[in-house]
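A quick write-up on the structure given underneath.
Values quoted throughout were computed directly from the atomic coordinates according to the rules given, and no laboratory measurement underlies them. Remember, it's a predicted structure, so these values are computed and weren't measured experimentally. When we count neighbours, we look across all protein chains shown, and the Cβ atoms used for this are built from the backbone with ideal geometry, even at glycine.
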Ligand SMILES: Nc1ncnc2c1ncn2[C@@H]1O[C@H](COP(=O)(O)OP(=O)(O)OP(=O)(O)O)[C@@H](O)[C@H]1O
Ligand SMILES: [Mg+2]
């Protein structure tokens, strides 16, 4: 066999017993695509070896097992352990080649996937959370600790832009579910019924417009993490259904009869004070307790001014690398402005400002003129009855454009949110959410 496979272009490592196989896989960290093994070897059963490797979560490639005995119990065990194929001896060459081909294809796909997971995990490593303030140091420790356990639910609290989304990803990719999916949904972005069918899926004909059957986000997140962003915006009826799903670890699609088991970790995020929402009866207290097995509070920049410098430098480095720019100097007047600004949009706003400055500055100095923090008078967009015009020269950020568009629509509809939402082509709920996000007052002011 060895000669045959070498001729086919394989690199072959041949061992004669379990002990030497273990030595190769374990001590020498051999990572074969395919393992072809006799089931019964002189010093033991190779399924014991497979089981040991599995328990240690080692990448093991695809296993094809050969046996002369064809024992049923062993073949069942082999399949349970994830063996790829099971061939009875004597095996004819064509069958063996086919089995090897299939196993190779599957092992390659697996390897690609685990490389992707590894690179995503690297992208969301704990070191991405910048800061040395007491709070951030503590959060880094907590996050690392939590990531090592299989915690069922957790709530992230923090104002807009404080890093809730970032921490959720770090938690997922540092945890035992990293190889599973990370599925995200913004509870404020969809009205109640739509969100329900998004979360739980639906059967064909569940409601007008529900064409086929659809798998919900819970099912998609099975084995991984479901990230419920803006959880406080979920309506009470749906909160009850969510509670049931979390408690039973089972869901039912909308208009479906069948119960589907789900195994998901739920990370929720909110910029509201959930306890206060509970006290005001806008959030179910039983659901709150279910979801907040653990709570992490993310501080705003104003609460940790000592981190500003590190954040700025971190983002300058990040965008320098991305845009191939070489900003090396941050002048004193820039620091003064950055430090005296209040950062209502927190790290997100800071990151956007630094991105703009890095991209627009010429030469090695971060130029103060691109900062354009709200303290300086802003260029007003031009408007007429047909619409509104924004200069695309970096003087207005996308966030500010959104804010201006919302202000303008509200103004044109005398503060009527429903009508303003129509102008923007979004739902009333979404507009409400955004009005709050930008800290706007629906009353016209312009
Ligand atoms: N401590 C931090 N270190 C480095 N980057 C951070 C930190 N906190 C936030 N960021 C970055 O700031 C941006 C905004 O963070 P994120 O989207 O996680 O905020 P959020 O709390 O989810 O805000 P929102 O409530 O508006 O959704 C992201 O690009 C994120 O990577
Ligand atoms: Mg977010």
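Using Cα pairs under 8 angstrom and six or more residues apart, how large is the relative contact order of the chain, in percent? Can you show the working numbers first?
Numbers: 623 pairs, mean separation 52.4, N = 446.
Once divided by the residue count of the chain, the mean separation gives 12 percent.
Helix 93-123 against the longest principal axis of the chain: what's the angle in degrees, Cα atoms only, rounded to the nearest 10?
Rounded to the nearest ten degrees, it is 30.
At 7 Å along the Cα-to-beta-carbon direction for both residue 395 and residue 423, put a label point, then send me their distance in nm to one decimal.
Result for the modelled spin labels: 2.3 nm.
Measure nothing fancy, just the Cα-based angle from helix 428-437's long axis to the longest principal axis of the chain, in degrees from 0 to 90, nearest 10.
Here the helix axis deviates by roughly 80 degrees.
Classify the range 209-296: rounded, prolate or oblate, from the alpha-carbon gyration tensor (a ≥ b ≥ c, eigenvalue square roots; a/c under 1.5 rounded; otherwise prolate if a/b is larger than b/c)?
prolate
Within 10 Å of each residue's Cβ, count the other Cβ atoms and sort 365, 162 from fewest upward.
Ordered by Cβ neighbours within 10 Å, fewest first: 365, 162.
Hey, what number do you get for the chain at 222 nm if only DSSP H runs of n ≥ 4 count, each worth -39500 (n - 2.57), divided across all residues, to the nearest 500?
Values: 18 runs with 198 residues, N = 446.
The helix contribution divided over the chain gives -13500 deg cm²/dmol.
Sticking with the crude label model, points 7 Å out along Cα→Cβ, report the distance from residue 26 to residue 297 in nm, one decimal please.
With each label placed 7 Å out from Cα toward Cβ, I get 4.9 nm.
Order these peptides, 135-145, 178-188, 219-229, 117-127, by their mean beta-carbon neighbour count within 10 angstrom, highest first.
Sorting 135-145, 178-188, 219-229, 117-127 by mean packing, highest first, produces 219-229, 178-188, 135-145, 117-127.
Which of rounded, prolate or oblate describes the range 180-252 when judged by the alpha-carbon gyration tensor and an a/c cut-off of 1.5?
rounded
For a protection proxy built on the mean count of beta-carbon atoms within 10 angstrom, sort 28-41, 320-333 highest first, please.
On the way: 28-41: 16.8, 320-333: 12.4.
Packing order, densest peptide first, comes out as 28-41, 320-333.
Using a/c under 1.5 as the rounded threshold, could you call the range 34-118 rounded, prolate or oblate? The axes a ≥ b ≥ c are square roots of the C-alpha gyration tensor eigenvalues, and prolate needs a/b larger than b/c, oblate otherwise.
Oblate, because a/c is 1.5 or more while a/b does not exceed b/c.
For labels at residue 152 and residue 19 in the simple 7 Å Cα→Cβ model, what's the distance in nm?
About 4.7 nm, to one decimal.
Compute the length gained on full extension between residue 275 and residue 114: take 0.36 nm times their separation in residues and subtract their Cα-Cα distance, giving the result in nm to one decimal.
54.0 nm
Nearest 10 degrees, 0 to 90: what angle lies between the long axis of helix 164-174 and the longest principal axis of the chain (Cα atoms)?
With rounding to tens, the tilt is 10 degrees.
With a Förster radius of 60 Å, plug the Cβ-Cβ distance of residue 340 and residue 43 into 1/(1 + (r/R0)^6) and report the FRET value to the nearest 0.05. Each step should come with its number before you reach the end.
On the way: r = 73 Å, r/R0 = 1.22.
The calculated FRET efficiency here is 0.25.
I'd like the FRET efficiency for residue 317 and residue 88, computed as 1/(1 + (r/R0)^6) with the beta carbon distance as r and R0 of 56 Å, rounded to 0.05. Please list the in-between numbers first.
Working: r = 59 Å, r/R0 = 1.06.
Computed FRET efficiency for residue 317 and residue 88 comes out at 0.40.
Pairs of Cα atoms under 8 Å, at least six residues apart: use those to get the relative contact order of the range 2-121, whole percent.
Dividing the mean separation by the residue count of the range 2-121 yields 22 percent.
Using 0.36 nm times the number of residues separating residue 145 and residue 76, minus their current alpha carbon distance, what extension gain do you get?
Full extension of this stretch gives 21.1 nm more.
When only C-alpha pairs under 8 Å and at least 6 residues apart count, what is the relative contact order of the range 306-370, in percent?
Dividing the mean separation by the residue count of the range 306-370 yields 44 percent.
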